[in-house]
């Protein structure tokens, strides 16, 4: 089965600009991930690029860095940049951009944090010009809240510990001004919003823009009431969700996430199907390294509402399961639309990029547990074969 533009959405703990390429690094022990919550990270998922700031063979991408992505059929990854960009001169960037293509497409959105001033916002706009054949800065990432388990998700009503009543931005009007500034500059935003109040506020912010110039995006949307579902399509806001996260909860609500929220809000967990049926653009991803980046696993979890292969686990909110076609679209046409790339990606059609993956099974018709183990026979990026099954 051949599909086009299989996107992988993930989060990277820290990104540095080096020699015109992207170098992803993180700490192998424990890293504070966003506002609220400590997540243990595993060593070795991405290797560090070695070398100095001079040319030659040093500082090039090690093929092993992306081998896992390629053999799983992922051709385009989108992440967020925490920390800093090393600003190299235009001359160095121009010289480096012709030094060779990455084995997949990489698009990074730098963070925008509370307290940013106009110079900082203008710098984020300027960074959008950084691009290359297979790499680019694209959009800006915000946080409006934290995590349910950490008590920092922004909720309409407190959790069982009395927590979750505040936004990550102390001045939410400042958040709105920052989003508006970026929108007028033609920059897409993606906002981490897990709690129901956080999701509502992001939608309110986009609605206050009037006619938005860009298609903005909400990340995660772990719990959301009925009244907010239709607003995504009405406002042109894309939903970006991670079905694999349902594995951190239990169908009987005996987990920490469900206990904190209570039965009513826990019943609104990851409403992928309801958002699709309400007309929303629904992009799927992994949130790696929080969950595994394999698109086959995420597609399987979207269809099963449990992790593929764990047949003994009860599905979490099975009524929110996507069809095979919906799940595939979440990694192709809907992901491209969420990124504003629907004219050139997400489909196999004349004029679109030749980013293709050939699977040994049909992702739409094959049982989800079986597809999660399907062979990736071919991965192509920009018309170049970067992985072939058996190699």
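The values are calculated or read from the model by the stated rules, or taken from the named source; none is laboratory data. As the structure is a computational prediction, the values presented were derived from the model and not from experiment. Neighbour counts run over all protein chains shown; Cβ positions are idealised from the backbone, glycine included.
Side notes on the structure shown:
- Restricted to the range 325-391, the set of strands (runs of 3 or more DSSP E) holding at least 1 residues that are in contact with a helix residue (DSSP H, G or I) (Cβ under 8 Å, 6 or more places away or on another chain) and within 30 Å of residue 277 (Cβ to Cβ) comprises 356-359.
- Residue satisfying condition, being within 23 Å of residue 219 (Cα to Cα), touching a strand residue (DSSP E or B) at 6+ places or on another chain (Cβ under 8 Å), at pLDDT below 95 and surrounded by fewer than 18 Cβ atoms within 10 Å (Cβ to Cβ), within set 84, 105, 78: 84
- Residue within the range 270-278 that is within 17 Å of the chain's Cα centre (by Cα), under 20 Å from residue 154 (Cα atoms) and in a loop (DSSP other than H, G, I, E, B) present: yes
- Of all residues in the range 354-373, those satisfying the criterion of being crowded, with 19+ Cβ neighbours inside 10 Å and touching a strand residue (DSSP E or B) at 6+ places or on another chain (Cβ under 8 Å) are 355, 356, 357, 359, 363, 371.
- A count restricted to the range 279-296 and to residues that are in contact with a helix residue (DSSP H, G or I) (Cβ under 6 Å, 6 or more places away or on another chain), assigned to a loop (DSSP other than H, G, I, E, B) and at pLDDT 90 or above stands at 4.
- Residue that is surrounded by the fewest Cβ atoms within 10 Å (Cβ to Cβ), among those in the range 172-185 that are farther than 26 Å from residue 270 by Cβ and within 20 Å of the chain's Cα centre (by Cα): 183
- Scope the range 243-283; condition under 19 Å from residue 298 (Cβ atoms) and in contact with a strand residue (DSSP E or B) (Cβ under 7 Å, 6 or more places away or on another chain); matching residues: 243, 246, 249, 269, 270, 272, 275, 276, 280, 281, 282, 283
- Screening residue 340 on (1) surrounded by fewer than 21 Cβ atoms within 10 Å (Cβ to Cβ); (2) more than 23 Å from residue 191 (Cα to Cα) shows it passes everything except condition (2).
- The range 301-324, residues that are part of a helix (DSSP H, G or I) and more than 15 Å from residue 242 (Cβ to Cβ): 318, 319, 324
- Residues that are surrounded by fewer than 23 Cβ atoms within 10 Å (Cβ to Cβ) and either at pLDDT below 95 or over 26 Å from residue 258 (Cα atoms) (or both) within the range 205-230 comprise 207, 208, 209, 210, 211, 212, 213, 214, 215, listed in sequence order.
- Number of positions in the range 116-135 that are in contact (Cβ under 8 Å) with a residue 12 or more places away in the chain and either crowded, with 17+ Cβ neighbours inside 10 Å or assigned to a loop (DSSP other than H, G, I, E, B) (or both): 10
- Pairs meeting the criteria (first residue in the range 343-356 and on the phi > 0 side of the Ramachandran plot, second residue in a loop (DSSP other than H, G, I, E, B), beta carbons under 8 Å, at least 6 apart or on different chains) are 346/5; 346/332; 346/352; 351/343; 351/344.
- Test: residue in the range 264-281 that is in contact (Cβ under 8 Å) with a residue 60 or more places away in the chain, surrounded by fewer than 22 Cβ atoms within 10 Å (Cβ to Cβ) and more than 17 Å from residue 199 (Cβ to Cβ): no
- Criterion: buried (at least 16 other Cβ atoms within 10 Å of the Cβ) and either farther than 24 Å from residue 208 by Cβ or in contact with a helix residue (DSSP H, G or I) (Cβ under 8 Å, 6 or more places away or on another chain) (or both) - qualifying residue of 144, 194: 144
- Single residue of the range 147-166 satisfying the filter (more than 21 Å from the chain's Cα centre (by Cα) and under 22 Å from residue 238 (Cα atoms)) that is surrounded by the most Cβ atoms within 10 Å (Cβ to Cβ): 155
- Per-region count, the range 153-194, residues out of contact with any strand residue (DSSP E or B) (no Cβ under 7 Å at 6 or more places or on another chain) and farther than 20 Å from residue 138 by Cα: 21
- Residues located in the range 199-229, provided they are closer than 28 Å to residue 291 by Cα and assigned to a helix (DSSP H, G or I): 199, 200, 201, 202, 203, 226, 228, 229
- For the range 240-260, taking the residues that are assigned to a loop (DSSP other than H, G, I, E, B) and in contact (Cβ under 8 Å) with a residue 24 or more places away in the chain, the one that is surrounded by the fewest Cβ atoms within 10 Å (Cβ to Cβ) is identified as 252.
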